[in-house]
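Presented below is the structure to which this report refers.
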């Protein structure tokens, strides 16, 4: 474990990513305390540029809502959607991939054809369709993102399991009379954890992007302030009030970057041989 | 006596901090003479490969020569720049590696790979390079060298690939050849041919050879001079005949004593009631078979009949591809058979399903070859051993207690709470044995169980197996490519070639009086056989 930390800390990018993530996390936790009023409330003049009034340091939008407050409250929704949809898609992808890889034969064929069915549909278009069918809400957004993002997990797991399946310790477990289920859960899955963690951190980033894009198009939960929504609202006035779209855009960029950096750091720390080669 | 071409003086190679010892090679000196073969012998971790790498200027990152000199002719190789070293490499000092498959580029034709050697040193014109490549391939005795030159590495056999690697090493007519375990990955008959080839070429070209090996049989076969290394230090050196017949240092004596002798270890035990009966088992692999290609069929196991008695040890020997491992895997049903029966009592393991199979498999367990991949790295060893009994319904606490007892029995008391990576290869193999015993089997199939271990460790593990076998009245099916090991511990030996059983009988009969020509050729090829006979 300490070894893991030394390698992780050795990657400066990963540490920067972790710091950014911590800031976003703190913002989402303390938003209700810092900005006690709803982010939807009009608090000042519309189109107030940043730095003009110290009560609204990042300016206001077309209706006079505080952008800083919107950013702080939006952090919560970005992280929530990012994490929960990733967990849901892991819950779909891991069992499917593991079963396909372990049993092979027709099980593999059936499961992989299903996976490919999801993979060939452009994922963002598919997500839009799903959210449009359901009522736009946080839940529908999480479901939509999870449904479009599990195929890579299933593919990764299938490959890992297939390569582990022929290792001698799996054959030994088979000989000792352990059932297929026990072998998958106890012997195989713990050995696939490293690449899954790395993939998951990248998936959180993608999920945040998808959530922002959906909200940007007005398909987000109408009752929840989110970064994508603020950008979408400021889109038409981009030339007069650049700050409305700029700050949430930076927030999305930094958060997504943070997850990617962390993912890379985890990759180095969990695959030490790879890290050495790069260093 | 002529002057040495290479003088290594007080060489010290420092390991990075945190390694198990400060120096990989500690104050070692030896000389290489033109036309002579120096064998450097030692177990894994003795520093023998490191000293070869230092001579080639190929030390891994973080490891460096901290003291001493490596003189090639008049030049000191320590402290040369990478560029100067590159120029010497291949031209004056060349190397042959252990694994010919990974030493060759799988995507390049053989002639291009040999031509590359000339290209790297800016020698010859492109057309001449290819011509020279064919000449070299002829010289190393490849049949049909013109075709071999056009082939890719995967189209050649292991022995042929090693010949190609040797041809590459000889391309620039080096004065010194370093061979790092060049025959370890090869079958005995191929090994004998490659050793013969190295010997001939070395005499013809008056080369100095540094031959690294762990096998005293190989030493007896080709060495002029021997250096024995232990933990980075030279413990004994001298002319081959002297070291082999009259070893001075206890470590050398231990290594030589640990080599199993090629004669039946004991009289065959009196036959007892049959426990397992193999009747006409066959297994054929089919591959390929596209639109334009015929189906490729390999008869891995062909109509094998065998009766294994209670408490009997049966050796199955053969070269790679003889089907011995496939047969072993059929016995435990890791592989389905095409035909035949394997009866244990009145149950047929080749047909059993579900619960029946689970119960049958508990009676026939396996010990695997690779001590590194046969244990799950994420599970504590105690639990790994207990997993089998738990799957068969033993309460967890009881299974764990039994696992601890088993670990103590195989000489690793209190090891249950540790993870596999904390153990050495030999210790892991003991854990593998404990796991196989956990289900109280009647038959154990050991597939090359000691091949990956150093000789001294090998001897200990074999002894442990033999003890346990007697104590628990087990039958043992011992699959190995090493005839000496088979001779030492087996009651009966079955020799396999291309999936068929060519000879079966008591060890004394098979080894001392082989009836089949293939068995004779296997025995003939064992390195150091004559020396063995003298010592016996």
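All of the numbers you see were taken from the coordinates with simple rules; none came from a lab. Here the structure is a predicted model, which means the values were calculated and not measured. Every residue, glycine among them, receives a Cβ derived from its backbone with ideal geometry; neighbour counts consider all protein chains shown.
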Suppose R0 equals 51 Å; then what is the FRET efficiency for residue A:52 and residue A:135 from their Cβ-Cβ distance, rounded to the nearest 0.05?
-> 0.85
Take the Cβ-Cβ distance between residue B:320 and residue B:424 as r, set R0 to 30 Å, and report the resulting FRET efficiency rounded to the nearest 0.05.
-> 0.70
Computed label-point distance, nm, for sites residue B:124 and residue B:102 using a 7 Å Cα→Cβ extension = 2.9 nm
Compute log10 of I(q)/I(0) for segment B:274-535 with the Debye formula, placing one identical point scatterer on every Cα and leaving out solvent, at q = 0.11, 0.12 Å⁻¹, to two decimals.
-> -0.64, -0.75
Report the calculated FRET efficiency for residue B:154 and residue B:285 (r = Cβ-Cβ distance, R0 = 22 Å), to the nearest 0.05.
-> 0.80
Based on DSSP H runs of at least 4 residues, each adding -39500 (n - 2.57), what is the mean residue ellipticity at 222 nm of chain B after dividing by all its residues, to the nearest 500 deg cm²/dmol?
-> -11500 deg cm²/dmol
In which sequence would B:511, B:423 go, from the one with the fewest C-beta neighbours within 10 Å to the one with the most?
-> B:423, B:511
Hey, what angle do you get for helix B:126-139 against the long axis of chain B, alpha-carbon based, 0 to 90 degrees rounded to 10?
-> 60 degrees
Burial-style ranking of A:96-109, A:243-256, average other-beta-carbon count within 10 Å with highest first, yields A:243-256, A:96-109
Length gain on complete extension for the stretch residue B:516 to residue B:58, per 0.36 nm per residue less the alpha carbon to alpha carbon distance?
-> 160.3 nm
With the cut-off at 29 Å, report for chain B the share of all Cα pairs above it, as a whole percent.
-> 59 percent
Share, in percent, of DSSP beta bridges within chain B that are antiparallel, nearest 5 | 55 percent
How many nm is it between the label spots at residue B:83 and residue B:378, if each spot is 7 Å from the Cα in line with the beta carbon?
-> 5.0 nm
With only helices counted (DSSP H, runs n ≥ 4, each -39500 (n - 2.57)), the per-residue ellipticity at 222 nm for chain A, to the nearest 500, works out to -24500 deg cm²/dmol
Shielding of B:369-380 by partner chains, average beta-carbon count, 10 Å = 5
Extension gain, residue B:200 back to residue B:272 (0.36 nm per residue minus Cα-Cα distance, nm) = 20.9 nm
Under 15 Å from a point 7 Å along the Cα-to-Cβ line of residue A:124: which residues of segment A:74-99 have their amide N that close?
-> none
Once both label points are put 7 Å beyond Cα along the C-beta direction, the residue B:463-residue A:42 separation in nm becomes 9.3 nm
Among A:133, B:222, A:77, A:87, which comes first, then next, by fewest other beta-carbon atoms within 10 Å?
-> A:133, A:87, B:222, A:77
